[in-house]
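Data block below; observations after.
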Amino acid sequence: MRRTVWGAVLAFAVGVLLIAGGARLERGVPEWVLVVPLAVTCAGVLVRRRAPVVSLGLGVVAVGLDAVVGPSLGTVLVFTDNLYAAALYGPARLARGLLMGTAVLAIAAGAGAGFWAANWRLPAVIGVQAALVLVTPVLSALLIREQRDRAAVERVRAEQVARLAELDRRAAIAAERTRMARELHDLIANHFSAIAIQSTAALSRTDLDAGTVRKIMESVRENSVEGLAELRTIIGLLREEDARPEAGERLGGEVVRLRLAEVEVLVERVVAAGMKGSWRVEGTAREVPAAVDLAGYRIVQEALTNALKHGESPVELVVSYEVGRVVLRVWNAVGEERRALPGAGVGLVGMRERAALVGGSFEAGPSPAGQFEAGPSPAGPPEARPPLPSPAGPSEVRPGWEVVAVLPTEERGPAATEGMSGLSSQVVGLMFPRGAGS
């Protein structure tokens, strides 16, 4: 505001000096009369920002009055600022109208001067002068206004981009937290559930002999060591800054590879915890994509963990290799009393998410019956183990719980595997390199 006031005072002082210096047309009026329209235009300068339309109105009135008593150069020069302010700070429609109106006035002034003086050389001079006084300030204001509007639009766009980037960052963080929570849950839930159940059984019974207690403690120790090893592995992967999934890097000198072909280890762990279990392979076992290996192994692991925590014997696992997909079925009996342990319900969500990440499907719910083969799991390497035969007698019919996951084994496009992007895909690639052995 102070700069505006000083600008108006300076414009008035310069205008007075021009009037005193004779920069006007003589019409026999006192010089102080010419100061009146000059003061009116300078008053328009005072309100140029707050009321640009009022400033333009004062300028038009002052120029009209000055044309009657003068005109004077000082008033005309200050009027250009009134035009400039109205075009720059006023409404956009007013600015466009001023450009058109001043152009028409400049042309009309030149033509009228030529007609009045009967000299057609004069219109060029008068027209150029009128354009300099009328069109130039309006055009300058429009150019500056366009630049300011463009800068404002770019500023808003930059803010929107920054806001979207922040939203994407938050969504990515939330997604990664969900994936890592699922990964850590699946890593340790199986081992710690077995430890909790075995230690509870050992503490609740007083008739166990030393050999049985030692066997239970060995199983507890084995589950503890394996759980800690897997936890250290995932922590090491998270700390790795320049991880390259395709390089098949080694952590601690050993490439980590969990595969569907090794799910019998999970069944044996359930059997060691005191439940009857069996597993069999239907179809011809084959290599599957690393992401499917991860999802399948973790789904089986979590399903068996839920059977250990909430179900009863027996437990049956069937891995079916079909054309273009692998089907995983885990069935376990359930009793009338459900064992409630912390974390109930989280595993089903994680299994469903894992199946969806690789483009598969997942179902879980009560099942009236299941087929199982009693006794220990077959021995020997996975490729040398024949599928378990179906029971010779009728299947035991008991209420149970069944988990069915269908995972495609064909290579999927980017749209189907976009859920594995980011940190989780790096973890999966490092933990399950395609060329690693079992």
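The values are calculated or read from the model by the stated rules, or taken from the named source; none is laboratory data. Everything numeric here is computed off the predicted structure, so don't read it as measured data. Quick reminder, even Gly has a Cβ in these numbers, built from the backbone with ideal geometry, and neighbours come from all protein chains shown. Side chains are part of the model used for accessible areas, which takes the heavy atoms of the whole protein and leaves out ligands, DNA and RNA. Shrake-Rupley method; radii C 1.70, N 1.55, O 1.52, S 1.80 Å.
Okay, here's what the table says:
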| read-out | value |
| --- | --- |
| Number of the exception - Val54 against (1) at pLDDT below 85; (2) assigned to a helix (DSSP H, G or I); (3) open to solvent by 60 Å² or more (accessible area, probe 1.4 Å) | (1) |
| Residue check for Val271: open to solvent by 20 Å² or more (accessible area, probe 1.4 Å) and either touching a strand residue (DSSP E or B) at 6+ places or on another chain (Cβ under 9 Å) or farther than 16 Å from Val403 by Cβ (or both) | yes |
| Selection count where residues are touching a helix residue (DSSP H, G or I) at 6+ places or on another chain (Cβ under 8 Å), under 16 Å from Leu266 (Cα atoms) and either modelled with pLDDT under 70 or of a type in the set (A, V, I, L, M, F, W, C) (or both), scope region 194-229 | 4 |
| Scan of region 67-87 for residues that are part of a helix (DSSP H, G or I), open to solvent by less than 40 Å² (accessible area, probe 1.4 Å) and touching a Leu at 6+ places or on another chain (Cβ under 7 Å), ordered by number | Val69, Gly74, Thr75, Val78, Asn82, Leu83, Ala86, Ala87 |
| Single condition Glu176 does not satisfy, out of (1) exposed (fewer than 12 other Cβ atoms within 10 Å of the Cβ); (2) under 30 Å from Arg352 (Cα atoms) | (1) |
| Members of region 57-66 that are over 17 Å from Ala23 (Cα atoms) and buried (at least 21 other Cβ atoms within 10 Å of the Cβ) | Leu58, Gly59 |
| Residue within region 175-191 that is of a type in the set (S, T, N, Q) and modelled with pLDDT under 90 present | yes |
| Residue satisfying all of: in region 313-352; at pLDDT below 85 and outside any loop (DSSP other than H, G, I, E, B); nearest to Val403 (Cα to Cα) among these | Leu348 |
| Residue among Val104, Val153, Val133 that alone is part of a helix (DSSP H, G or I), modelled with pLDDT of 70 or more and crowded, with 18+ Cβ neighbours inside 10 Å | Val133 |
| Every residue from region 24-51 that is closer than 12 Å to Asp66 by Cβ and open to solvent by less than 60 Å² (accessible area, probe 1.4 Å) | Arg24, Val29, Val33, Leu34, Val35, Pro37, Leu38, Ala39, Val40, Thr41 |
| Qualifying residue in region 3-11 (condition: over 28 Å from Arg150 (Cα atoms), modelled with pLDDT under 85 and open to solvent by 30 Å² or more (accessible area, probe 1.4 Å)) | no |
